[in-house]
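Take a look at the following structure, please.
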Amino acid sequence: MNKKCILLFEIIYAIVLSVIFLMLFKNPFLYLAGKDKGISVSFIAFWNMILSPVWIFTIYIFESEMELFRLTMHRNGSRKKWWTYVAAEISTNILIIYGIIIMIFMVFSDYDHMKKSSNDSLRIIAENSDYRVMVLIIFQSLFFFTGWMVVRMILQNAVIAMIIILVIEDISVIYISAVFWPFTWGVFGLSDYMSKNGFSVPGAIFAETVTFLLSFVFAARRLTNRVKFLSV
């Protein structure tokens, strides 16, 4: 599948996903923040749904690049350039998908009842924090991909790696609310904006970005060690 087809599917998927959330929730930002009905089994189901672009598109892109890495690495001239290209491609696709979702949510979400609410958390999200709900999800999606890629490079199995990361994430969101546990950093309702004991949003974004970049260094070295004849 060429890149234009992938982009078209991403746009369609983002629109369909946005419509589903808007049909189910007056304001998806509020629900995804974990402040509407709390964190439950149903929340986990929708949480996995909003993160599904990572498992569908970015993993497909990565696996496709891995199949053609000899050609693409030769074309880019070095290990560093090739992995930079792959990281940029994955980041761009994530931003496109979630950028569309954010715009649709911001245009069609219902804010009026939230702004009039006596609940401080609702007013905060309605007045100035809605975009941060999705920003955290974007960086959390990069972190999930990072975890998947590292496990995949170690186990050499994409499906098992995906199952491991999904299980850790779901268990973490339900049972763990520790400030320094990164698998909960995507839930805005657990941040220090919503809770005195929550995690730092800037700190979480910084840590997830650094982890994302370092993971490509790790993956590149493992791949290069197995393919000695490729130029470094």
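The values are calculated or read from the model by the stated rules, or taken from the named source; none is laboratory data. Being a predicted model, the structure only gives us computed values, none of them experimental. All Cβ positions, glycine included, derive from the backbone under ideal geometry; neighbour counts span all protein chains shown. For the accessible areas, the whole protein counts, side chains as well, though only heavy atoms, and no ligand, DNA or RNA atoms are used. Shrake-Rupley method; radii C 1.70, N 1.55, O 1.52, S 1.80 Å.
Can you name the residue in segment 84-111 that is among the hydroxyl-bearing types (S, T, Y), over 17 Å from Y60 (Cα atoms) and open to solvent by 20 Å² or more (accessible area, probe 1.4 Å) and, of all such residues, is modelled with the lowest pLDDT?
Result: Y111.
Sticking with this structure for a sec: Considering only segment 14-23, I want to know if a residue exists there that is surrounded by 18 or more Cβ atoms within 10 Å (Cβ to Cβ) and more than 15 Å from the chain's Cα centre (by Cα).
yes
Next question. Determine, yes or no, whether F143 is within 15 Å of G186 (Cβ to Cβ) and modelled with pLDDT of 65 or more.
yes
Residues G198, G186: which one is within 18 Å of P53 (Cβ to Cβ), of a type outside the set (F, W, Y) and at pLDDT below 80?
Just a single option satisfies the conditions, and that option is G186.
Next question, about the same structure. For segment 123-130, does any single residue satisfy the condition of being of a type outside the set (K, R) and either in a loop (DSSP other than H, G, I, E, B) or modelled with pLDDT of 85 or more (or both)?
No - not one qualifying residue is present in segment 123-130.
Out of everything in segment 149-183 that is within 27 Å of V217 (Cα to Cα) and assigned to a loop (DSSP other than H, G, I, E, B), what residue ends up being modelled with the lowest pLDDT?
Among those residues, the one meeting the criterion is V179.
Return the pairs, sorted by first residue and then second, in which the second residue is at pLDDT below 90 and aromatic (F, W, Y), the first residue lies in segment 1-19 and is under 19 Å from S91 (Cβ atoms), the beta carbons are less than 8 Å apart, and the residues are 6+ apart or on different chains.
Note: pairs meeting the criteria are I6/F57; I6/Y60; F9/F57; E10/F57; Y13/F57; A14/Y98.
Please go through segment 24-50 and give me each residue that is surrounded by 19 or more Cβ atoms within 10 Å (Cβ to Cβ) and not in a helix (DSSP H, G or I), ordered by number.
N27, A33, G34, K35, D36
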